[in-house]
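We did not get these values from a lab; they are worked out from the coordinates using the rules stated. Predicted model only: the values in this text are computed from it and were never measured. Cβ sites come from the backbone with ideal geometry, for glycine too, and all protein chains shown count toward neighbours.
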Amino acid sequence: MKQETIWNRDFIGIWLSNFLTFMTFYSLVATLPIFVMDILKEGKEQIGPVMTSFLLAAVLARPLAGRWLDQFGRKKILIASLALLLASTVGYLAVRGFFILLALRFLHGLGFGVATTATGSVAADLIPAKRKGEGIGYYALSMNTAMVFGPFLGLTLVQTFSFTAYLVVISIFSIVSFLFGCMVKTPIIAESNKGKKSLHWKTFIEPNAVPISLVSLLLSFAYSGLLTFIPVYAAELGLSSYAGLFYLVYAVMMLVTRPFTGRMFDRFGEHVLVYPCIVLYAVGLIALSLATTPFWFLFSGAIIGLGFGTLFPCVQTIAILATPAARSGLATGTFFLFYDIGIGVGASILGAIASATNYQEMYLISAVLVAVTALVYYAVYHRSASRKKVEELQLDL
């Protein structure tokens, strides 16, 4: 029974460490545009580079992080990356110029890319094999809940007190996150690639995780429109006061359903969840594109929360289960690499689509893309997974 426990001391520690990391990340997403314009006195056009430099660094760090985790061990990389995050977060207190901010954002992005890959790998290692779906679902809530409360906390602190007070608070978050990371006892995983200096792509990317990571890229591409444009879309609809509630409803739906969906994954397999949730995700985006009242706006958030909120931990679990344990760090890095690319590219392309048409059409196009993802999932993963199971049964016979 003890071995089957998910919520042990170490899992709680890594969950809290990741939660505080994402609280800092999401609060900065909401407050940095204000910082750039009001504190640094820069124009709106300078907001984009501040966000892009962070994302570029995180994308560059992912494949390196995966390799380092499997080569040098989880604990060393975890502590080093959390220390870099801590130094970067405290560094915002000293920013007085735009180019210094750009450099700091790049450094912060490197730490974030490595740290979140490390915490994800450690969490996956701590979860019992027979409860991976349920456990990773619970772990994903550390990111999901931070997405709701991070921007709210950041904007409240800035508007009520000052940027200095806000930056002190997120620095404290980083200190506590670092301390939790130091206290976590990571399982011993067989090292791979130790001493190898090869620059072959397989030393940075886990091939077994690539097919499902392509699916995550498409899903996150559509999700970037929710992450980036919901406040603007809500204002356009005259529903500005409901933008925060949209994310809250989204999160509540995940919290309520996560225990059931995780157990369904472990008991009945991934396909039972993936296809229905893709449909729900697409339907939620269609409802969002047609929303004109508070009810339909928030209802779409609930459906998307059930759809994408369930899909994200599902595809992450698939990436880890498809990979040998000794390369699970690389699998986690590969998964998040594709996910981050989807977010970054999606925000740019969907923003261009919204500028050329409108937000309604942008979300409708996103819904079509999500629906097509079901075909991609079948082509790149489901079909080959089914064939592999048949071959294993034939060998057993």
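Ranked by the mean number of other Cβ atoms within 10 Å of their residues, highest first, the peptides 362-368, 109-115, 293-299 fall in the order 109-115, 362-368, 293-299.
In segment 205-397, inverting the average of 1/r over every pair of distinct C-alpha atoms gives 17.3 Å as the Kirkwood radius. List, in the order given, every pair from 75/132; 75/130; 130/185; 44/75; 76/132 whose Cα-Cα distance in the structure shown is over 32 Å. Cα-Cα > 32 Å for 44/75; rest within. Per-peptide packing, taken as the mean over residues of other Cβ atoms within 10 Å, places 117-124, 266-273, 169-176 in the sequence 117-124, 169-176, 266-273 from highest down. Tell me whether segment 74-116 comes out rounded, prolate or oblate; compute the Cα gyration tensor, take square roots of the eigenvalues as a ≥ b ≥ c, and use a/c under 1.5 as the rounded threshold. It is prolate, given that a/c is not under 1.5 and a/b is the larger ratio.
Pairs of C-alpha atoms in the chain farther apart than 39 Å represent 14 percent of all such pairs. The packing ranking, built from the mean of other Cβ atoms within 10 Å per residue, places the peptides 39-47, 134-142, 155-163 in the order 134-142, 155-163, 39-47, highest first. Inter-label distance, residue 295 to residue 179: 4.9 nm, where each label sits 7 Å from its Cα along the C-beta direction.
Model label sites at residue 255 and residue 30, defined 7 Å from Cα along the beta-carbon direction, differ in position by 1.5 nm.
Straightening the chain between residue 232 and residue 275 buys 12.5 nm, computed as 0.36 nm per residue apart minus the Cα-Cα spacing. Under 18 Å from a label point set 7 Å out along the Cα-to-Cβ vector of residue 41, the amide N atoms of segment 92-124 belong to 95-101.
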